Structure formats: C-alpha cells, structure tokens
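Heads up: the structure comes next, in structure tokens.
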Amino acid sequence: MPAFVFLGLVLIVLFRAEMASDRTVYKGLFPQAPNLAGAGYAFLAYKNAVQTYVSSHPGLGSGAIPVSALTLDAGVTTQIIPGNTIIAASSGTTIVTWASAQPGLIDGVMQASQGDHAIGTSSGTRWSTPSLGDMGPLPIAVPAGDVVSVVIFTGTGYSQ
C-alpha cells in the first residue's frame with residue numbers, strides 16, 4: 001500500500017512540473033507587453049460601453065455619445081483616446097467606435113477580442129481587418145491608423 005501512495009505522489013509532482021513547463025512554453029508563444037494588452041482591453045471596454053448605451057436607448061438619433069454618459073471603469077480613457085459616432089438610418093443604427101493609433105494597439109485588441117471580425121484598422125475612409133482584409137468604406141472618416149469597429153443594430157427601435 002505505501003508503494004502506491006508513493007507512486008501517486010510522484011505522479012502528482014511530475015504532472016505539476018509538466019503544467020509549469022507548458023505555461024512557460026505558452027508565454028513564449030504569446031508574448032504580451034502589459035500596456036499593449038491593457039490598451040486592447042480598454043478599447044474593448046469602450047466599444048462595449050458605447051454599444052450597451054445604444055442598446056439601452058433604442059430610439060437614439062445620430063451623433064456622438066460623450067464619455068461622461070458611458071459606464072466605464074476608471075482608467076479606460078487614460079490608456080486610449082477614443083471616439084464614436086452613431087448614425088441612425090432606415091436600415092439600422094450604425095455604431096462606429098475608434099481609438100487613436102499607437103504602435104501595436106490593433107494586435108492587443110485582436111488578442112484581447114480573440115479575433116473579432118468587427119474590429120480593424122482605418123485608412124481614413126476605408127477599413128480592413130487582420131483576418132478578412134478590406135471591409136469597404138467607413139460610414140464616416142476615421143483618422144488613418146486608428147483601431148476602428150463598425151457594428152449595425154437592426155430591429156425594433158434601431159431603424160428610423
């Protein structure tokens with residue numbers, strides 16, 4: 001019986017060592033700069049806050065939602081300089097969110113969002129995503145190089 005207990009303990013120690021080894025390998029495969037990851041999550045938090053606001057106000061007209069009207073954690077807008085425009089039309093409500101360009105931000109956003117296809121990079125009047133390429137014209141001009149998201153809400157209350 002003691003031999004089985006000893007064998008069990010040895011297996012547990014080996015298993016834990018293998019898990020620690022895997023974590024080291026994965027860290028090497030997906031290197032992260034803390035600010036890059038933080039800015040990526042900050043953009044996603046901002047995008048989510050804008051879309052939640054529009055969702056909560058289905059009759060909302062066109063314009064921009066001020067940051068002060070959004071429910072955001074402290075520090076989100078210290079990591080990114082965000083912007084948004086809401087365009088209400090008969091085909092639905094288009095929500096465009098963006099954040100000022102900074103080196104590697106799109107990589108951080110794509111990593112944090114797990115490859116969200118509604119997020120890409122602006123070229124000024126067009127946008128593209130890392131996985132799908134050219135997505136066509138933007139409904140408004142967004143500074144070239146900025147991370148941008150374009151989403152359209154349709155259905156009850158979102159079409160004018």
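The values are calculated or read from the model by the stated rules, or taken from the named source; none is laboratory data. A quick note: this is a predicted structure, and the numbers were derived from the prediction, not measured. Here the Cβ is made from the backbone with ideal geometry for all residues, glycine too, and neighbour counts use every protein chain on show.
Looking only at residues of segment 63-72 that are surrounded by 11 or more Cβ atoms within 10 Å (Cβ to Cβ) and touching a helix residue (DSSP H, G or I) at 6+ places or on another chain (Cβ under 9 Å), we find that the one that is nearest to residue 93 (Cα to Cα) is 65. Of the set (1) farther than 17 Å from residue 38 by Cα; (2) surrounded by 13 or more Cβ atoms within 10 Å (Cβ to Cβ); (3) in the same structural domain as residue 38 (by TED's automatic domain parsing), all apply to residue 133 but (2). Taking the listed residues 128, 122, the one that is crowded, with 19+ Cβ neighbours inside 10 Å, farther than 14 Å from residue 50 by Cα and in contact with an Asp or Glu (Cβ under 6 Å, 6 or more places away or on another chain) is 122, with no other qualifying.
With respect to the conditions (1) in a loop (DSSP other than H, G, I, E, B); (2) under 13 Å from the mean Cα position of the chain (by Cα); (3) of a type outside the set (S, T, N, Q), residue 140 lacks only one, and its number is (2).
Residue 114 fulfils the conditions (1) under 22 Å from residue 52 (Cβ atoms); (2) surrounded by fewer than 21 Cβ atoms within 10 Å (Cβ to Cβ); (3) more than 16 Å from the chain's Cα centre (by Cα) except for a single criterion, (3). For segment 51-62, the candidate set comprises residues that are under 20 Å from residue 117 (Cβ atoms) and touching a residue at least 40 places away in the same chain (Cβ under 8 Å); within that set, the residue that is surrounded by the fewest Cβ atoms within 10 Å (Cβ to Cβ) is 55.
Whenever a residue of segment 139-156 is within 20 Å of residue 44 (Cα to Cα), its partners that are of a type in the set (D, E, K, R) and part of a loop (DSSP other than H, G, I, E, B), lying with C-beta atoms within less than 9 angstrom and at least six residues away or across chains, give the pairs 149/116.
Of all residues being among the small types (Gly, Ala, Ser) and crowded, with 19+ Cβ neighbours inside 10 Å in segment 90-111, which is nearest to residue 78 (Cα to Cα)? Just the residue, please. Going through the qualifying residues, I end up with 99. Apart from one condition, residue 154 fits all of (1) among the β-branched types (Val, Ile, Thr); (2) touching a Ser or Thr at 6+ places or on another chain (Cβ under 6 Å); (3) more than 20 Å from residue 82 (Cα to Cα); the exception is (2). Taking segment 63-111 as the range and being over 21 Å from residue 125 (Cα atoms), assigned to a loop (DSSP other than H, G, I, E, B), in contact (Cβ under 8 Å) with a residue 24 or more places away in the chain and among the hydroxyl-bearing types (Ser, Thr, Tyr) as the test, only 90 passes.
Quick check: anything in segment 127-135 in a loop (DSSP other than H, G, I, E, B) and modelled with pLDDT of 90 or more?
Within segment 127-135, the first condition is being in a loop (DSSP other than H, G, I, E, B), and the residues that meet it are 130-132.
When the remaining residues are screened for being modelled with pLDDT of 90 or more, the result is 132.
Yes, the conditions are met somewhere in segment 127-135.
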